[in-house]
1. Out of the range A:169-195, which residues are more than 9 Å from chain B (Cβ to nearest Cβ), within 22 Å of the chain's Cα centre (by Cα) and of a type outside the set (Val, Ile, Thr)?
2. Just the residues that are farther than 20 Å from A:Phe220 by Cβ and of a type in the set (Asp, Glu), please, taken from the range A:114-134.
3. Let me spell it out: the conditions are (1) within 14 Å of another protein chain (Cβ to nearest Cβ); (2) within 21 Å of the chain's Cα centre (by Cα); (3) aromatic (Phe, Trp, Tyr), and A:Phe122 meets all of them except one. Which number is the exception?
4. Please specify each residue of the range B:262-292 satisfying the condition of being within 14 Å of another protein chain (Cβ to nearest Cβ) and modelled with pLDDT of 85 or more.
5. Residues in the range A:257-279 that are touching a residue at least 40 places away in the same chain (Cβ under 8 Å) and either outside any helix (DSSP H, G or I) or not aromatic (Phe, Trp, Tyr) (or both): how many?
6. Residues A:Gly134, A:Gly166: which one is more than 14 Å from every other protein chain (Cβ to nearest Cβ) and either without any contact (Cβ under 8 Å) to a residue 60 or more places away in the chain or of a type in the set (Phe, Trp, Tyr) (or both)?
7. For B:Val242, indicate whether it is in contact (Cβ under 8 Å) with a residue 40 or more places away in the chain and touching a strand residue (DSSP E or B) at 6+ places or on another chain (Cβ under 7 Å).
8. Filter the range A:106-125 down to the residues that are of a type in the set (D, E, K, R) and surrounded by 12 or more Cβ atoms within 10 Å (Cβ to Cβ) and list them by number.
Amino acid sequence: MDVNYIVKQLLNGLAAGSIYALVAVGYNMVYGILELINFAHGDIYMFGTFIALSLLIGCIPVIPAVLLACVAGGLIGILVERVAYRPVRDAPRVVPMISAVGAALVLRNVAQLIWGTETMPFPEMFPTRMVQVGEIQFSSLQVIILVLALSLTGLFALIVRKTKLGKATRSVAQDIPASRLMGIEVNRIIQFVYFAGGFFGVAGGVLFSMYYAVWIGMGFLGTMKAWIACIIGGIGSLQGAFVGGLLLGVTEALISGFISSAYRDAISYAIVMAMLVFRPMGIFGRQVAEKV
Amino acid sequence: MSFMTARRFFISQPKHLLAYGLGVAILLALPEFIPNEYVFRVVIAVIIDIPLALAQNLITGFTGMLTLGQAAFYGIGAYTSALLVMRMGAPWPVAFLAAGFVACVFGILLGFPCLRVGSDYLTLMTIGFGEIFHIVALNWMDLTRGPMGLPGVPPPRIGPLVFNTSQRQYYLYLVIAILCYLFMHRLTRSHVGRALIAVREDEIAASTMGINVARYKLLAFAFGTLWAGFSGSLLAHFLAFVGPMTFSLNESLFHMQMAILGGLGSLPGSVLGAAILVSLPQIFQPLYEYRMLLNGGLMVILMAWRPQGIMGTSAAAKSAKGHFFKQLGRLFGREETDSTESSGRFKPSTRQPPSEELSDGPIEG
C-alpha cells in the first residue's frame, strides 16, 4: 500500500474531522446542559450556512458575512430553545425529543422554501492552491480549515473553562436547582449555551461547505456526525467531543479510502453502535453510577 | 364472576356489539361510496399505515422507547415479501408471513444491544440501524437492484384468489389491519400491556415489582417490528414496486408523527393519526411544499400543549404530562451526585426535573 495515499487520506480525514470537532463541541455543550438530544442542531447550522451563502452572494465582505451568519445561527438556536424546548423542559424525555425533531423539520422546510433543494457550491473565500511537500500533495484549503477549526474550538474551550459565564454554564450542566440557589440565572445560561452552540455550529457549517458544498441535507448529516463524535469522545467532555470529531473524520476517510465509500456511513454507524454497547461512556468519559 | 366483571359483561356488551356492528357495516360498505380510483388508493394507503402507527405506538407510546428506525423494518418486510414472490416464486401468504418474521428477527437482533443503552442512545441506535438499512438497500445491487428498486411486484394472491383490484385489496388489507388492531388491543389490555406501561413509567420501580424489564422491552420491539414487516409486505404488493427511497429516516419520522398525533398510548388514536396524516396531504395538495413545516410545527405545538395527542387520555396522558415523574422525583429526590469538573464527565441517563418548589419562580430575580 502506498504511504502517500495513506497520508493523503489521513489529511482528508483530519480536515473533515476538525470540522466535525468544531460542530461537536458546541453540540456537546448543548447536550450536556439539558441532556436533550438537540435534533435541530444540524439544521441550525445548515440554516446559518445558507445565510452566509446569501450574504456572500450579496457581495458582503467575507468576515462580516460569516460573523453575521454565525450570530444569526446563535439567535436561531435561542429561538428554537425558547419555542420548542423550554415549554417541555420538565416533561418526560420522549416529549422534548419529539419537539426537537419537530423544530428540525420546520427549520429544514423553511430553508427548503427559501433556498431550494439543490446542492450549491460555496463561494471561495480564500485563494486555494495545491501545496507540495515532498511527494505529498494537499490543498491549502485543508490546512486553512484545520487551523481555523482548531483555533475556534480552542476559543470555545477557553470561554467554557476560563470565563465566569463558562463557570456558570458548567454549574448549570451539573445541577440546575443548586445553580439557581447560587444565584445563577439558569434560563439566561441555557440561552447562552444555545447561542454558542448555534454560533460555533454555523462556523463549522461554513467550513464544511467550503470543503464540500451546501445543501439542505447537510443539517441532518451534521446532527448525526456531531452526535456520533460526542459518543466516541464521551458525552459532556469537551476534549472528548474534540478528539471524537477528529477520530470520526479520520476513520471515515480511511474507510472510504480502503474499504468502500458507498458503505462509509453504514460502517461508521455500525462502529458507533458497537461502541455504545461496549463503551457507552466514550473514550474520555467516566462511568458514573446512577443513584436512584 | 365478580360484580364488576358481570357489570361490564352484561351492561356494556350490547352497546359495544352495536358499535362494532355499525363500524364493520360502514367499513364493508365503504367501497360503494368511494368516487374514484384515486381516493380508493388513498384509503388503502391509510389502511397500510395503520399497523405502522400501532407498532410505533406499542414501542414508543406503551413502552416508552423512542425508536426512529421503524422504516427499516417496514423496508425489510417489503423487500423480503417482494423478493420471495418474484425470485423464489413463493405464494403470497408465505411471503407475507416471512416478511413479518424476518423483520421481527432483525428487530430482536437490534433490541438486544438497545437493552444495554439508555433512552437517548436507543434512539441513536435505531436511527443508525435505519441508516445502515437504507445504505445497504441502496448499494446491494445483486439483491435489491439499488436505487432502481424492484418494479413489477405482483398483487397479493391467496390460492386462486388474486387481489388485483383496489376493491379486493381494500378488503384483504382491511382484514389484516383489523387483525393488527385486535392483536394490539388484546396485547395492551393484558398483563403484558400493563407490564409494558410499568416499564415506561419507571424501569426501576417495575423491576422491583418483579417485571423483567429487558424481556418486556424486547417483546415490544419484537411485536412492533413484526407488524412493521407485515405492513411492508402490504405496501410492496400494493405499489407493485419496492425502492430504497421509501424507507428513509423521514418515513420513520412519519410513523412517529402518526403515533403522537393520535396520542401515545391510545390505539384508536393511532388509527386516527394514520387517517389524518396520510389523507390530509392528499386533500391539501397545494400545500405539499409546506408538508414538513406543518408536520414539524404540529409536533412542537402538540408536545407543548397536548403531549398526549388527540385521543390520549388517562394513564398515558398522566405520564406524558410529567406528573408521575415529578412525584417520583419528590419521593426519591434523585439528584446528580457527580461533583467532578464538567470535562471528563459522563452522565449515563436521565436527570429528574427539578422539583416544583424550585422550578416555580426565579430565585435569582
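The values are calculated or read from the model by the stated rules, or taken from the named source; none is laboratory data. Every value quoted in this text rests on a predicted model; they were computed, and no experiment measured them. Virtual Cβ from ideal backbone geometry, glycine too; neighbours counted across all protein chains shown.
1. Listed by number, the residues that qualify are A:Gln191, A:Phe192, A:Tyr194, A:Phe195.
2. A:Glu124
3. With respect to (1) within 14 Å of another protein chain (Cβ to nearest Cβ); (2) within 21 Å of the chain's Cα centre (by Cα); (3) aromatic (Phe, Trp, Tyr), A:Phe122 is out only on (1).
4. B:Gly273, B:Leu277, listed by residue number.
5. Here the count works out to 5.
6. Selected residue: A:Gly134, the only one of A:Gly134, A:Gly166 that is more than 14 Å from every other protein chain (Cβ to nearest Cβ) and either without any contact (Cβ under 8 Å) to a residue 60 or more places away in the chain or of a type in the set (Phe, Trp, Tyr) (or both).
7. It is true that B:Val242 is in contact (Cβ under 8 Å) with a residue 40 or more places away in the chain and touching a strand residue (DSSP E or B) at 6+ places or on another chain (Cβ under 7 Å).
8. Within the range A:106-125, A:Arg108 is the sole residue that qualifies.
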